[in-house]
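Colleague: If you scroll down you'll find the structure; I have some questions about it.
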Amino acid sequence: DAGITQSPRHKVTETGTPVTLRCHQTENHRYMYWYRQDPGHGLRLIHYSYGVKDTDKGEVSDGYSVSRSKTEDFLLTLESATSSQTSVYFCAIRKTGTGDNNSPLHFGNGTRLTVT
Amino acid sequence: QKEVEQNSGPLSVPEGAIASLNCTYSDRGSQSFFWYRQYSGKSPELIMFIYSNGDKEDGRFTAQLNKASQYVSLLIRDSQPSDSATYLCAVKVTGTASKLTFGTGTRLQVTL
């Protein structure tokens with residue numbers, strides 16, 4: 001599982017409520033990513049981080065914010081959840097230290113979020 | 001045009017046959033290419049990656065890259081029922097902080 005833990009694994013919430021998903025890694029890798037996966041769209045990048053307090057937007061960042069106050073934790077927040085944010089959310093890391101900028105991503109087990 | 005395109009399938013092959021999965025990409029600046037396997041309800045797991053034109057083999061899997069034609073393929077030899085899954089193609093464009101762009105995946109069914 002590449003040392004990645006996502007929590008919670010499942011969550012049901014109501015429209016308009018805030019939701020925070022957590023991604024925790026045990027190996028101190030610099031790069032971390034949040035993707036969402038929806039039928040017909042595949043995996044789409046929401047936000048990513050390249051270090052503590054260093055984050056940037058992906059292709060579907062509207063309605064989401066992130067924070068990275070420690071190397072091991074990357075939080076994804078839906079400030080006011082909408083039904084369109086019902087999805088499966090995956091956190092990923094790029095294992096650094098190999099000297100290879102082209103190294104692949106490794107994914108956590110995902111969080112299934114349902115917004116009613 | 002999507003940046004990374006895959007036929008959604010399902011692609012059905014008999015056990016023991018070769019499965020051929022294809023992926024095309026639009027950005028000529030793409031420099032590295034990845035194949036992931038995803039079982040239903042599970043997370044994507046890396047199968048192979050390829051950077052250079054030509055073939056790269058790993059066990060029953062062969063990745064093929066043709067940058068001039070902008071396609072990458074995955075061959076699975078001696079297909080097994082356990083290979084039944086969705087296969088995701090992902091592409092990294094130069095200078096994009098290792099952000100991967102994914103295709104929507106091809107569902108493979110290996111029949112007995």
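Colleague: Keeping the other protein chains in place, figure out the carbon and sulfur percent of the accessible area of chain B, with a 1.4 Å probe.
Modeller: In chain B, the share of accessible area belonging to carbon and sulfur is 46 percent.
Colleague: About its Cα centre, how strong a charge dipole does chain B have in debye, to the nearest 20, once Lys and Arg get +1 and Asp and Glu get -1 at the Cβ?
Modeller: So the dipole magnitude of chain B works out to roughly 280 debye.
Colleague: A further question follows. Mind checking which of B:Ser8, B:Ser40, A:Tyr50 is farthest towards the positive end of the protein assembly as shown's charge dipole, using Cβ charges of +1 (Lys, Arg) and -1 (Asp, Glu) about the Cα centre?
Modeller: Positive-most Cα among the choices belongs to A:Tyr50.
Colleague: Here is a further query. Between B:Leu75 and A:Thr5, what is the FRET efficiency for a Förster distance of 35 Å, r being their Cβ-Cβ separation, to the nearest 0.05?
Modeller: 0.55
Colleague: Would you mind working out the magnitude of the charge dipole of segment B:42-106 relative to its Cα centre, with +1 at each Lys and Arg C-beta and -1 at each Asp and Glu C-beta, to the nearest 20 Debye?
Modeller: Rounded to the nearest 20 debye, it is 260 debye.
Colleague: To the nearest hundred square angstrom, how large is the accessible surface buried between B and A, total for both chains, probe 1.4 angstrom?
Modeller: When B and A are taken together, about 1700 Å² of accessible area is lost.
Colleague: Summing +1 for each Lys or Arg and -1 for each Asp or Glu, what net charge is found among the other residues whose Cβ lies under 14 Å from the Cβ of B:Phe61?
Modeller: -2
Colleague: From the C-alpha gyration tensor of segment A:1-99, pull out the three semi-axes of the equivalent ellipsoid (sqrt of 5λ each), sorted largest to smallest, in whole Å.
Modeller: Those come to 23, 14, 13 Å.
Colleague: Which entries of A:Lys70/B:Lys92; A:Lys11/A:Lys53; A:Lys95/B:Lys42; A:Lys70/B:Lys99; A:Lys11/B:Lys92 show an alpha-carbon separation above 29 angstrom in the structure shown?
Modeller: Beyond 29 Å: A:Lys11/B:Lys92.
Colleague: Could you sort A:Ser103, B:Ser52 by accessible area so the largest value comes first, with the probe set to 1.4 Å?
Modeller: Result of the area sort, largest leading: B:Ser52, A:Ser103.
Colleague: Evaluate peptide A:37-47: per residue, the Cβ atoms of other protein chains within 10 Å of its Cβ; return the mean as an integer.
Modeller: Per-residue shielding by partner chains comes out at 4.
Colleague: Follow-up question, since we're still on this one. Any residues in segment B:15-62 that have 50 Å² or more less accessible area with all protein chains than in their chain alone, probe 1.4 Å, and which are they?
Modeller: Residues shielded by partner chains are B:Ser43, B:Pro44, B:Tyr51.
Colleague: May I ask for the distance between the Cα centers of segment A:6-46 and segment B:59-105, given as a whole number of Å?
Modeller: Taking the Cα centre of each part, segment A:6-46 and segment B:59-105 sit 23 Å apart.
Colleague: In whole percent, how big is the carbon plus sulfur part of the accessible area of chain A, probe 1.4 Å, protein atoms only?
Modeller: In chain A, the share of accessible area belonging to carbon and sulfur is 46 percent.
The values are calculated or read from the model by the stated rules, or taken from the named source; none is laboratory data. From a predicted model like this one, the values you see are computed outputs, not experimental measurements. Using ideal geometry, Cβ is built from the backbone for each residue, glycine included, and neighbour counts are taken over all protein chains shown. Side chains are part of the model used for accessible areas, which takes the heavy atoms of the whole protein and leaves out ligands, DNA and RNA. Shrake-Rupley method; radii C 1.70, N 1.55, O 1.52, S 1.80 Å.
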